[in-house]
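Peer 1: Here it is: the structure, laid out below.
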Amino acid sequence: MFDEKSSMKLANQYYVNGQYNKALEKYFEFNVRYPRLSHITTLNISMCKKKLNILKGGAADQKRPRISVIVPCHNVEAYIEKCVSSIGSQTLKDIEIILVDDGSTDNTRNMLEGFAKDDKRIIVISNSKASGNSGTPRNQALARATGEYIAFVDADDWIDEGMLNSLYLKAQNENADIASCNGFIREKSDGTAEIVETKYNESTCRTQEDRNNLFLSAHFPIVWFRIYKREFVVKNKIRFAETRTSADVPFAFKALMSANKVVSVDGKFYHYLFDRPGSTIDRRKGEGAFDLFRSYETIMSGLTEAGALHQYFQYVIKKILGDFEYNSRFLRDDLKDRFKLCMAGFIGKYHVADLSKEMVGEYWLKRHNDHIRTYEQQIEASKQELATVLNGGGRADISVIVPAHNVEGSIDKCLKSIADQTNKNIEIIVINDGSEDGTSGFINRFACADNRVVVIDCNRSSGAPGVARNIGLAKATGKYIGFVDSDDWVEEKMFDSLFAAAKEFDLDIVSSSHFTRHEDGNVRVFGINYKQFNDEKDRLASLESGFFSNIWNRIYRASLIKGCGIFFPSVYVAEDLCFSTAAHLLSSKTGVVNGAFYHYIYNRPNSTTHIRTGTRGFDIIHCLDKMLDYFSSYGFSDGEIKKIFVNKIRSLWYTHDRLDENLRGEFLDQMKNKLIEFGRHIDFALFPVRDQARIRGLLEG
């Protein structure tokens, strides 16, 4: 029986455990159930609010939007106003609208910035150079999104006012990862419209047969008449291919094969403008058509890694056969023989079993067998042609990512040190994360003088360097990825030295052996004691490397980062540790280069090192829950997670020792509660003896 006593006891237990939001919820619930006793919770509620205010540094708990609507834009000045107006006019008002200008050369960017001034729900991300595909800007927006669900609208399309509300209510009521419309409206260039009915729009996903039905729809790759739970997208590392065609297919495929439930609403709300000039159809006429194979390679490699290739390959093959024929309708005649050869190479590479006539149909079975015959007749030529397409060409050796926010005093020195690298084949990606000082001017002047610089402007600060880095990662095209903080600088041989080692020894991660720290005029070189490995059994030992969470004295293979979906989570003062840990535990081979190439400014005002001396330092305790979710999403074992938490829990003492004196007692109380809560994820025998003694004293005190 749920009586007054047990209700209050549960609320108080949440408070003791440091779960103040849950405690607050239970105290409010108590007041509703027992209004005559509400006076006894007044102090409890006040204490909860005080605790939460301390944890958040006095900041108000901002409610996240119901839906983040993502719109990639490139030279769409003739269409974008109608599109944005239709989103802004939705009956569901609690939304955020993320508009990504992908290097437009017309008036699109100015229009987006104007919309943002009129509607505070709008966030604008602007790329100085076009990506040439819709996947990159969508991935950038995904990195910035905060909504409960995600929706996508193409910039030349528009939606009816009830679309988002209908989908959101259905998804919420059924606790579904995906909600879909049961069709859309195709708006033709001649002014006529066609209502398109879609099939297999929903599934309980309780059995594999139920889930398989989703892939029977010819429209399953379409993302813009659906919404997706953001937490589900993040957890499953679902991203778009960064390809000129078929960018949606990997996102749609992985979402449908991973969803807990897919529901649908009875309505056609989405207006799809078909065959406009400059659309993806134009890209299918030239070399962009070959990106089809890169997109589907992403799916096949993911299925192979997940051990699900035999389960799904027939659906993928049927879809690529259809896309191949569709692309061939637009492709230039001089490219068609190469295109056929690539297709034969792809079909041959993934011919893991005979296709089922019942599943793919007689027509597609015949087309498949035609490609198999071509493959058998020209095995080496088809393999080589496919390999050439998949490997790409003309890529930078390294993409160097620099997040920048209000750093007008240091950004010039930082960027100059990167531009002066002896390795000139680099891409420099600078993310101006809502700066309000002169940072933007410095960045833009630099970009004008160096065509290797890509500028990403965000009209509003994300509040976290990890988010800005994720936006930069989505834009990166280099073979390797490096990071430089905007108040630091690097020696001219840094990236040349690291890349040379990566190339010679085929390394996933390369670290320097030392770095230089600058603090209050004092300069000191630190040795890292980096524990390199070339065998899986030695991976865990790499976590014991000195300064392990530092991401900026290394480079990372881009295919590792993007292929495994490694990103910076929104975890205060733990983004770098999470990224570094995931990268090392998912890599195959790492190495170290002797040298101190990186100059690190320590403890500058407003840095995380400096901020943790105040109330924001409490956030480091409560980030453990998010860290656990992050590492669990990669499938790390319990033993690996226990090893990971050693570094993080040791850093709690680091924060405690730097806190203001009057906050340390409260910090220890909350730290104790969190260690008790996380007991099963902690192996105290892994800690150094000194730390074991401190932890034992805390828990027994």
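Peer 1: Filtering region 407-427 down to residues that are free of Cβ contacts under 8 Å to residues at least 60 places away in the same chain and touching an Asp or Glu at 6+ places or on another chain (Cβ under 7 Å), which residue is farthest from F495 (Cα to Cα)?
Peer 2: Filtering first and then ranking leaves E408.
Peer 1: May I ask you to say which residue of A247, A252 is free of Cβ contacts under 8 Å to residues at least 60 places away in the same chain and under 20 Å from M300 (Cα atoms)? Before you say what the answer is, go through the steps one by one.
Peer 2: Working: A247 fails: free of Cβ contacts under 8 Å to residues at least 60 places away in the same chain.
None of the other options fit; the residue is A252.
Peer 1: Within region 179-189, is there a residue that is free of Cβ contacts under 8 Å to residues at least 60 places away in the same chain and within 30 Å of N470 (Cβ to Cβ)?
Peer 2: No, region 179-189 contains no residue that is free of Cβ contacts under 8 Å to residues at least 60 places away in the same chain and within 30 Å of N470 (Cβ to Cβ).
Peer 1: Quickly run through region 162-218 and pick out the residues that are closer than 24 Å to Y79 by Cα and part of a strand (DSSP E or B).
Peer 2: Correct list: C181, G183, F184, I185, R186, E187, A193, E194, I195, V196.
Peer 1: Could you identify the single residue in I122, I67 that is crowded, with 20+ Cβ neighbours inside 10 Å, more than 22 Å from P569 (Cα to Cα), touching a residue at least 12 places away in the same chain (Cβ under 8 Å) and touching a Phe, Trp or Tyr at 6+ places or on another chain (Cβ under 9 Å)?
Peer 2: Residue meeting the stated conditions: I122.
Peer 1: Which residues, taken from region 96-110, are under 25 Å from D450 (Cβ atoms) and touching an Asp or Glu at 6+ places or on another chain (Cβ under 6 Å)?
Peer 2: The answer is D106, T108, R109.
Peer 1: Additional query: Check R469, R445 and return the single one that is within 21 Å of P137 (Cβ to Cβ), of a type in the set (K, R) and assigned to a helix (DSSP H, G or I).
Peer 2: R469
Peer 1: How do the pairs read when you match residues in region 146-168 that are over 15 Å from I95 (Cβ atoms) with residues anywhere that are modelled with pLDDT under 95 and not in a loop (DSSP other than H, G, I, E, B), using Cβ under 7 Å and keeping only pairs 6 or more apart or on different chains?
Peer 2: Partner pairs satisfying both residue conditions: D156/L273; D157/L273.
Peer 1: Could you pull out every one of the strands (runs of 3 or more DSSP E) wholly within region 477-577 that has 1 or more residues that are crowded, with 23+ Cβ neighbours inside 10 Å and of a type in the set (S, T, N, Q)?
Peer 2: Because the criterion is at least 1 residues that are crowded, with 23+ Cβ neighbours inside 10 Å and of a type in the set (S, T, N, Q), the strands (runs of 3 or more DSSP E) in region 477-577 that meet it are 509-519.
Peer 1: Failed condition for V352, given (1) without any contact (Cβ under 8 Å) to a residue 40 or more places away in the chain; (2) in the same structural domain as R294 (by TED's automatic domain parsing); (3) not aromatic (F, W, Y), with all others met?
Peer 2: Unmet for V352, out of (1) without any contact (Cβ under 8 Å) to a residue 40 or more places away in the chain; (2) in the same structural domain as R294 (by TED's automatic domain parsing); (3) not aromatic (F, W, Y): (1).
Peer 1: Given the conditions (1) in a helix (DSSP H, G or I); (2) over 20 Å from L498 (Cβ atoms), and given that H584 satisfies all but one, which numbered condition is not satisfied?
Peer 2: (2)
Peer 1: Among residues belonging to region 111-148 that are among the acidic types (D, E) and in a loop (DSSP other than H, G, I, E, B), point out the one that is farthest from D450 (Cα to Cα).
Peer 2: E148
Peer 1: Continuing with this model, one more query. Within region 539-578, can you find the residues that are at pLDDT 90 or above, among the polar types (S, T, N, Q) and in contact with a helix residue (DSSP H, G or I) (Cβ under 8 Å, 6 or more places away or on another chain)?
Peer 2: If the condition is that a residue be at pLDDT 90 or above, among the polar types (S, T, N, Q) and in contact with a helix residue (DSSP H, G or I) (Cβ under 8 Å, 6 or more places away or on another chain), then S542, S549, N550 are the ones that fit.
Peer 1: Filtering region 545-565 down to residues that are without any contact (Cβ under 8 Å) to a residue 60 or more places away in the chain and hydrophobic (A, V, I, L, M, F, W, C), which residue is nearest to N470 (Cα to Cα)?
Peer 2: L560
Peer 1: Keeping to region 97-120, report how many residues are more than 14 Å from R460 (Cβ to Cβ) and either modelled with pLDDT under 95 or in contact with a helix residue (DSSP H, G or I) (Cβ under 7 Å, 6 or more places away or on another chain) (or both).
Peer 2: So the answer is 4.
Peer 1: What's the number of the condition N406 fails, among (1) surrounded by fewer than 23 Cβ atoms within 10 Å (Cβ to Cβ); (2) at negative phi; (3) at pLDDT 95 or above; (4) assigned to a loop (DSSP other than H, G, I, E, B)?
Peer 2: Condition not satisfied by N406: (2).
Peer 1: Can you find, within region 436-467, the residue that is farthest from D576 (Cα to Cα) among those that are acidic (D, E) and surrounded by fewer than 16 Cβ atoms within 10 Å (Cβ to Cβ)?
Peer 2: Of everything passing the filter in region 436-467, D450 is farthest from D576 (Cα to Cα).
The values are calculated or read from the model by the stated rules, or taken from the named source; none is laboratory data. In this text the structure is predicted, and so the values were computed from the model without any measurement. Every residue, glycine as well, gets a Cβ built from its backbone with ideal geometry; the counts of neighbours run over all protein chains shown.
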